[in-house]
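Enquirer: Supplied in structure tokens, the structure appears directly below.
Every number in this text was worked out from the coordinates using simple rules, so none of it is lab data. This is a predicted model, so every value here is computed, not measured. Ideal geometry is used to build each Cβ from the backbone, glycine not excepted, and the neighbour counts take in all protein chains shown.
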């Protein structure tokens with residue numbers, strides 16, 4: 001074989017070898033390309049933005065994407081679009097969105113939402129062109145698509161109640177006149193996300209920038225106002241409130257009451273609150289007169305009257321009752337040392353159940369004089385048992401005869417180891433009563449005598465063992481022969497409750 005022939009044979013072998021290499025080892029994987037449908041947005045957007053994207057791969061298919069809003073944190077997704085809620089950190093903020101397609105050359109793919117690490121070659125904390133994502137092994141577009149979002153900060157929204165509707169605001173409106181404790185409920189939100197709310201500020205009787213604006217925690221939705229906070233007594237008041245976000249934008253200033261209404265705060269005249277739960281003016285006059293006379297006129301002009309009957313309807317409590325029993329109504333009761341609560345046959349027992357136990361636990365004293373309807377519902381029996389020293393009430397009245405308890409009948413005061421109460425004599429009217437059964441630690445204080453129209457000596461008055469509540473099921477205004485019923489109220493207030 002000549003030298004030239006040898007060279008030609010070797011060249012042929014190399015050519016064949018080169019062709020075989022081409023067939024056996026195809027060219028390297030080509031990365032995909034990524035497209036965003038807009039490359040910029042000129043008009044400012046709100047903080048919720050919709051973004052869509054797509055990818056193409058010349059030698060395969062696109063399986064997923066990685067995206068970022070800060071060039072630091074990249075996340076995997078298989079979606080082609082999404083709505084993002086952006087965190088606004090100043091009055092206006094520019095956001096930079098980047099996304100890169102991933103092809104089908106990987107053996108294993110990240111899970112949805114998985115954070116993808118990159119090699120930060122220059123240690124600047126941001127992903128820069130040419131920096132690899134090791135987990136993706138070259139399957140990712142090295143030139144991500146980008147979109148810039150100028151985001152406009154939106155001011156917070158504040159309203160009274162649970163939402164921004166007029167119905168919600170009305171549901172939390174206070175009575176036109178209140179005592180020196182008020183509870184307000186507010187709704188606060190922000191179109192940019194509630195996490196952007198920084199604070200809630202309020203001021204009493206002044207809405208200027210120089211007012212004494214006080215700050216509430218940003219999650220506050222219920223708050224109270226007292227004299228210490230600037231309530232003016234025996235005067236009209238107004239409260240102003242606003243919310244601020246982290247971009248220092250403020251909501252509108254909300255005023256309570258609205259500009260065409262008034263909110264009057266009255267001071268307590270003295271230590272006793274008389275609660276009128278009755279529609280009979282004769283009964284009203286009896287209790288007002290009694291409190292004015294007892295203790296040689298000690299409390300004349302030194303008690304307040306709360307009418308919870310006149311504006312009450314079948315569907316709603318009286319307009320004098322605040323929307324928040326706890327704490328507003330209970331704390332209003334706590335402004336007084338003692339309560340005299342009298343009812344007709346439509347008593348507000350649910351309100352008594354909700355408020356009187358926390359009131360007595362706080363040291364308050366209660367004289368409760370109840371007239372009861374017939375029949376007496378199980379719900380009302382439960383309510384009475386919950387707040388009073390009564391364990392149970394008879395299934396029926398002591399007599400079905402409205403004249404069974406005749407004029408001149410004596411209601412016997414029972415010895416109970418405390419203040420001696422006077423016997424009371426019925427002087428007029430019709431008296432229908434149920435027998436009461438005291439709780440184990442309570443003491444009976446009044447009973448009917450033995451009679452032919454009823455069995456035994458039904459108990460009609462009970463006092464708890466701590467002398468915080470006396471429950472009487474007797475119409476005192478009909479038992480006031482020789483002003484003995486007034487004398488009873490005097491002994492309870494002065495001697496038993498020690499009110500001064």
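Enquirer: Once you have the Cα-Cα distance between residue 164 and residue 430, take 0.36 nm times their residue separation minus that, and quote the gain in nm to one decimal.
Expert: Working it through step by step, the gained length comes to 90.6 nm.
Enquirer: Per-residue ellipticity at 222 nm for the chain, helices alone: DSSP H runs ≥ 4 residues times -39500 (n - 2.57), over residue total, nearest 500 deg cm²/dmol?
Expert: The helix contribution divided over the chain gives -5000 deg cm²/dmol.
Enquirer: On a 0 to 90° scale, report how tilted helix 281-297 is relative to the longest principal axis of the chain, with both axes built from alpha carbons and the result rounded to the nearest 10.
Expert: With both axes taken from Cα atoms, the answer is about 80 degrees.
Enquirer: Can you tell me, using C-alpha contacts under 8 Å and at least 6 residues apart, the relative contact order of the chain as a whole percent?
Expert: 10 percent
Enquirer: If only Cα atoms are counted, what is the Rg of the chain, and what is its Dmax, in Å?
Expert: Rg and Dmax of the chain, Cα atoms, are 40.1, 155 Å.
Enquirer: Give the distance, in whole Å, between the Cα centre of segment 447-468 and the Cα centre of segment 238-303.
Expert: 36 Å
Enquirer: While we're looking at this one, here's another question. With labels modelled as points extended 7 Å from the Cα through the Cβ direction, what inter-label distance (nm, one decimal) is found for residue 143 paired with residue 345?
Expert: Modelled inter-label distance: 9.2 nm.
Enquirer: Pull out the extension gain between residue 59 and residue 198, defined as 0.36 nm times the separation in residues minus the alpha carbon to alpha carbon distance; nm, one decimal.
Expert: Working it through step by step, the gained length comes to 44.9 nm.
Enquirer: Given a Förster radius of 30 Å and the C-beta distance between residue 205 and residue 307 as r, what FRET efficiency does 1/(1 + (r/R0)^6) yield to the nearest 0.05?
Expert: So the FRET efficiency works out to roughly 0.65.
Enquirer: Can you tell me the orientation of helix 378-387 relative to the chain, as the angle in degrees between its alpha-carbon axis and the longest Cα principal axis, to the nearest 10?
Expert: 90 degrees
Enquirer: Give me the one-decimal nm value for the distance between modelled label points at residue 266 and residue 326, 7 Å along each residue's Cα-to-Cβ direction.
Expert: Spacing of the two 7 Å Cα→Cβ label points: 2.7 nm.
Enquirer: Once you put a point 7 Å from the Cα of residue 250 and another 7 Å from the Cα of residue 71, both along the Cβ direction, what distance in nm separates them?
Expert: Between residue 250 and residue 71, the simple spin-label model gives 3.7 nm.
Enquirer: Peptides 112-120, 177-185: what's the order by average Cβ count within 10 Å, highest mean first?
Expert: For the peptides 112-120, 177-185, the packing ranking is 177-185, 112-120.
Enquirer: Separate question: If r is the Cβ-Cβ distance from residue 234 to residue 119 and R0 is 60 Å, what FRET efficiency results, to the nearest 0.05?
Expert: Rounded to the nearest 0.05, the efficiency is 0.20.
Enquirer: Continuing with this model, one more query. So, in Å, what gap is there between the alpha-carbon centers of segment 306-343 and segment 193-213?
Expert: 30 Å
Enquirer: Mind giving me the FRET efficiency for residue 79 and residue 171? R0 is 45 Å, r the Cβ-Cβ distance, nearest 0.05 is fine.
Expert: Details: r = 42 Å, r/R0 = 0.92.
Using R0 = 45 Å, I get an efficiency of 0.60.
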